[in-house]
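Everything on this sheet refers to the single structure shown next.
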Amino acid sequence: MMENFENLLAQERFSLSGMEHILQHALEDICLAPDFEAAQMLEAVFGATRTDLLLGRSVTPTQQQKSELRRLLTGRLERKPLQYLLGKWEFYGREFFVGEGVLIPRPDTEILAQQVLDGIRDKKNPRILELCGGTGCLAITVALERPDAEVWCVEKSEEAYAYLVRNNEALAAGVKTVLGDALDINCVSGNFDCILSNPPYLTAQDMAELEPELSYEPVMALYGDADGLYFYREISRLWTGRLNPGGLFAYEIGMGQEEKVGGIMRQFGLNTICQTRDYSGIIRVLTSVRQETDVFA
Ligand SMILES: C[S@@+](CC[C@H](N)C(=O)[O-])C[C@H]1O[C@@H](n2cnc3c(N)ncnc32)[C@H](O)[C@@H]1O
């Protein structure tokens, strides 16, 4: 397969659809969507649109384009995530810089962004806190969708924090970024109208069975202790008391964690919990509005 790839690449001019076909074939054993990934590579290297591929447009590649396409394909065959190889990825319609050291934004996490935006719709100038920010995809999306909000975002990893700052600047989101520990309640001050988090939530068993691509992502972004629930316990214990009455608490959770995380939220005074499913029908987000009657531990 690499031979076909190199043969076509050696030609002075080739059709994009011919290259698309070779890439798809090379990728089909290692990924679920080889057609999507092949199209993404050709778009990144040649600016090829869907129409270019359908109409079989030809290109005369530069040496740089050839090397870049080779880097993408060999990287993918080594099971590096496409997102890291491309260096950017889309979340809620905007591009975020990504790379090794920071979790790749997932489409399912857009559900959490949407639940937060819906939940704060009627609040004017809300004060919002995201814990465990990574690229900043959540905090930055909320800040850009709600320019009247004051959005804070805490991230502990220095590598991830560098992406958070870079994305915040590139998208001019105005998020107040904090390099700090989400488990230290002094990392930010005051109370909030919304506290959200997509914390590390994989179990020890999940970590032992990671897909090769996931093993490139930082352990610190994935591992939530043996049972995957460490951050839900600690964040709920520490932060529910910092929610204003009527404020929204929102978590992304792993598959099948809804009963346990819901129990933790109740234990710390959030009694009415709403579940939202992701695009695959899995319960992915838990939200709770703090009632006047909720009693905090
Ligand atoms: C699952 S990732 C979520 C990233 C991003 N919010 C998203 O949804 O794509 C969890 C993030 O929490 C960060 N993290 C882990 N422990 C932390 C802690 N004690 N304080 C703050 N951030 C932490 C990791 O570095 C990682 O960026």
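Tabulated values for the structure
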| read-out | value |
| --- | --- |
| On Cα atoms only, tilt of 109-119 relative to the major axis of the chain in degrees | 40 degrees |
| FRET efficiency for CYS274 and HIS25, using Cβ-Cβ distance with R0 set to 35 Å, rounded to 0.05 | 0.20 |
| The chain - Kirkwood radius from inverse mean 1/r over Cα pairs (Å) | 20.7 Å |
| Degrees, to the nearest 10: 34-46 long Cα axis against longest axis of the chain | 70 degrees |
| Residue of LEU171, LEU229, LEU286 that the Gaussian network model of the chain assigns the largest fluctuation, springs spanning Cα pairs under 10 Å | LEU171 |
| Greater than 24 Å apart at Cα, pairs in LYS88/LYS260; LYS123/LYS260; LYS123/LYS156; LYS88/LYS156; LYS80/LYS176; LYS88/LYS176 | LYS88/LYS260; LYS123/LYS260; LYS123/LYS156; LYS80/LYS176 |
| Spin-label model distance (nm) - ALA162 vs THR74, 7 Å beyond Cα toward Cβ | 2.4 nm |
| Positive minus negative residues near CYS137 (Lys, Arg vs Asp, Glu; Cβ under 11 Å) | -2 |
| Loop-resident sites, the range 106-144, for trypsin sites (Lys or Arg not before Pro), counting at most 13 other Cβ within 10 Å (DSSP) | ARG121, LYS124 |
| Most fluctuating residue given options LEU210, LEU202, LEU243, as computed from a GNM of the chain linking Cα atoms under 10 Å | LEU210 |
| Nearest-0.05 FRET efficiency for ARG237 and LYS66, computed from C-beta distance (R0 45 Å) | 0.25 |
| Net length gained if the chain between LEU210 and ALA10 were fully extended (0.36 nm per residue, minus Cα distance) | 68.3 nm |
| Label-to-label distance, nm, for residues given as ASN244 and LEU54 (7 Å Cα→Cβ offset) | 4.9 nm |
| Distribution of pairwise C-alpha distances over the range 173-244, 5 Å bins, in % | 3, 14, 21, 21, 16, 13, 8, 4, 0 |
| Share, in percent, of DSSP beta bridges within the chain that are antiparallel, nearest 5 | 45 percent |
| Amide H partners (placed H, <5 Å) of ARG57, local residues excluded | LEU16, SER17 |
| Residue with peak Gaussian network fluctuation, the chain [Cα springs, cutoff 10 Å], from THR141, THR62, THR240 | THR62 |
| Potential lengthening between GLU43 and ASP184 on full extension [0.36 nm per residue; Cα-Cα distance subtracted] | 46.5 nm |
| Under DSSP loop assignment and at most 15 Cβ neighbours within 10 Å, longest GluC sites (Glu not before Pro)-free interval of the chain | 101-208 |
| Angle in degrees between helix 63-77 and the longest Cα principal axis of the chain, rounded to the nearest 10 | 60 degrees |
| 5 angstrom amide H check on TYR223, placed H, neighbours 5+ away | LEU202 |
| Between the range 62-125 and the range 127-146, the alpha-carbon center distance in angstrom | 15 Å |
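Laboratory data are not the source of any read-out in this text; all were calculated from the coordinates shown. Note that the structure is a prediction, hence the values are computed from the model and not measured. Glycine also receives a Cβ, built like all others from the backbone with ideal geometry; neighbour counts cover every protein chain displayed.
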